[in-house]
1. Given the condition at pLDDT 90 or above, surrounded by 13 or more Cβ atoms within 10 Å (Cβ to Cβ) and within 27 Å of Ala308 (Cα to Cα), answer yes or no: does some residue in region 381-397 qualify?
2. Does Phe356 meet the test of being under 50 Å from the mean Cα position of the chain (by Cα), assigned to a helix (DSSP H, G or I) and aromatic (Phe, Trp, Tyr)?
3. Can you go through Phe22, Phe39 and tell me which one is of a type in the set (Phe, Trp, Tyr), crowded, with 20+ Cβ neighbours inside 10 Å, without any contact (Cβ under 8 Å) to a residue 60 or more places away in the chain and under 30 Å from Leu230 (Cβ atoms)?
4. From the list Tyr148, Tyr110, pick out the single residue that is under 24 Å from Phe55 (Cα atoms), out of contact with any Asp or Glu (no Cβ under 9 Å at 6 or more places or on another chain) and either surrounded by 19 or more Cβ atoms within 10 Å (Cβ to Cβ) or hydroxyl-bearing (Ser, Thr, Tyr) (or both).
5. One residue is enough: does region 287-310 have a residue meeting the conditions at pLDDT 90 or above, assigned to a helix (DSSP H, G or I), surrounded by 20 or more Cβ atoms within 10 Å (Cβ to Cβ) and acidic (Asp, Glu)?
6. Is at least one residue of region 58-72 under 21 Å from Ala227 (Cβ atoms), touching a His at 6+ places or on another chain (Cβ under 8 Å) and crowded, with 18+ Cβ neighbours inside 10 Å?
7. Please enumerate the residues belonging to region 324-346 that are assigned to a helix (DSSP H, G or I) and either touching an Asp or Glu at 6+ places or on another chain (Cβ under 9 Å) or on the phi > 0 side of the Ramachandran plot (or both).
8. Just to be sure before I move on: is Phe192 surrounded by 16 or more Cβ atoms within 10 Å (Cβ to Cβ) and of a type outside the set (Gly, Ala, Ser) in the structure I sent?
Amino acid sequence: MTYSLVGILAICVHVIINIGIFRKNGDSHFPAQRDYCYFLYSVIAYHATDALWGFLHEWRMPGLLYADTALYFVLMALSVLLWTTFVIRYLEREDLLDERSDKFGKALNYAGKGIFVFQILALAVNFVRPVLFFIDAEGEYHAEVTRYVAFALQMLMFLMTAIYTFIVSDAETDTMKRRHFTIGVFGVAMLFAIGIQLSYPLLPMYSIGYLLGGCLLHTFVVEDEKAEYLRALEESLNREAEHQRELGGKKHQAYTDQLTKVKSKHAYMESVEALNRRIMTRKVSEFATVVFDVNGLRHVNDADGHKAGDQCIFTASQTICDVFKHSPIFRIGGDEFSAILEGKDYESRDALMKAFDRMMEENLRKEQVTVSAGLAEYDPDEDETFNAVFERANEKLYERKRFFKEQEARSKK
């Protein structure tokens with residue numbers, strides 16, 4: 001019964017510590033993970049047959065014990081083959097393998113397959129003549145010479161994979177060297193476990209070797225690879241976030257007028273395109289646009305310089321933003337601005353325009369910056385594009401500019 005408990009305990013430990021690997025989208029993310037999964041499956045199956053073997057041997061059930069022992073030898077050889085495959089695949093992902101190491105790895109792969117075939121053939125012969133083992137009438141297990149040969153070959157495979165791993169690890173970084181050293185230690189540990197199993201057939205040393213070795217692999221290889229993957233993922237996400245911040249900064253710069261800090265002409269063109277699409281698909285029923293033009297800017301530039309002209313443009317933009325608080329304001333030319341009114345500003349458009357015009361007339365009396373403005377509303381029955389609305393607003397703008405020129409002319413008389 002004690003013999004079987006080792007196998008049952010080993011199955012529980014392997015399942016618990018490797019649950020992340022066994023999931024379909026495992027969270028370990030390390031090279032040759034699929035090969036490692038296959039190896040673990042074969043090890044767990046081996047533990048199951050080994051645990052069952054203990055019960056059948058204690059219950060003295062010769063027929064079932066024979067069948068279980070045969071499966072035991074198959075899974076044992078299969079696990080060695082899958083271990084060899086994993087080690088080779090795991091090391092293949094490195095660029096450090098020279099031609100000699102690569103040939104050595106291929107030779108190991110063929111050797112692992114050869115041992116597996118040898119085990120199957122030995123079992124086939126064992127049905128006719130006991131060469132591996134036999135179970136007597138009382139249900140007692142007896143080992144034969146070929147069993148020792150099979151175990152010796154498995155010991156040789158674990159030794160060679162360990163040597164192969166140690167050789168490759170010499171040329172690697174400390175992090176990779178630690179992982180590869182652990183894989184090599186696993187091979188050496190299995191070598192000693194099988195050696196003890198050879199001398200004491202009724203001790204579950206093979207299972208103990210897989211149990212302890214599996215814990216070593218999980219701690220120093222699987223978890224190490226997972227940690228490195230998470231670090232690389234974090235670095236990648238940080239780089240992506242930095243890239244997005246740079247793009248966001250450049251986009252903000254492209255969409256913002258540097259002098260006035262209102263939206264740029266580039267942003268205006270995109271907004272117009274979007275509005276045209278809404279007009280075409282009948283997804284907009286009402287909006288208005290206001291066109292603005294700073295009065296007398298050329299005179300300010302000629303008389304006081306471009307710095308004063310820039311200040312004039314900035315002051316005008318702030319005034320427009322103060323009045324049309326709920327609408328996007330665009331600088332579409334040197335001294336030209338535009339606003340697209342929807343929502344609250346559209347509903348209050350007449351009151352806003354009257355307030356803006358009164359403010360500009362007051363500025364005119366105080367000889368402060370004045371801005372002409374013209375508003376036009378979208379007519380769903382007539383307007384096929386935004387430009388049609390813009391042109392009507394522009395006409396009203398020039399009417400307003402004529403008004404200011406007339407007022408200036410009267411003030412000079």
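1. yes
2. So Phe356 fails the test.
3. Phe39
4. Exactly one residue qualifies, and that residue is Tyr148.
5. no
6. The answer is no, given that none of the residues of region 58-72 is under 21 Å from Ala227 (Cβ atoms), touching a His at 6+ places or on another chain (Cβ under 8 Å) and crowded, with 18+ Cβ neighbours inside 10 Å.
7. Correct list: Gly343, Tyr346.
8. Answer is no for this residue.
The values are calculated or read from the model by the stated rules, or taken from the named source; none is laboratory data. Note that the structure is a prediction, hence the values are computed from the model and not measured. Please note: Cβ atoms are built from the backbone with ideal geometry, for glycine as well, and neighbour counts cover all protein chains shown.
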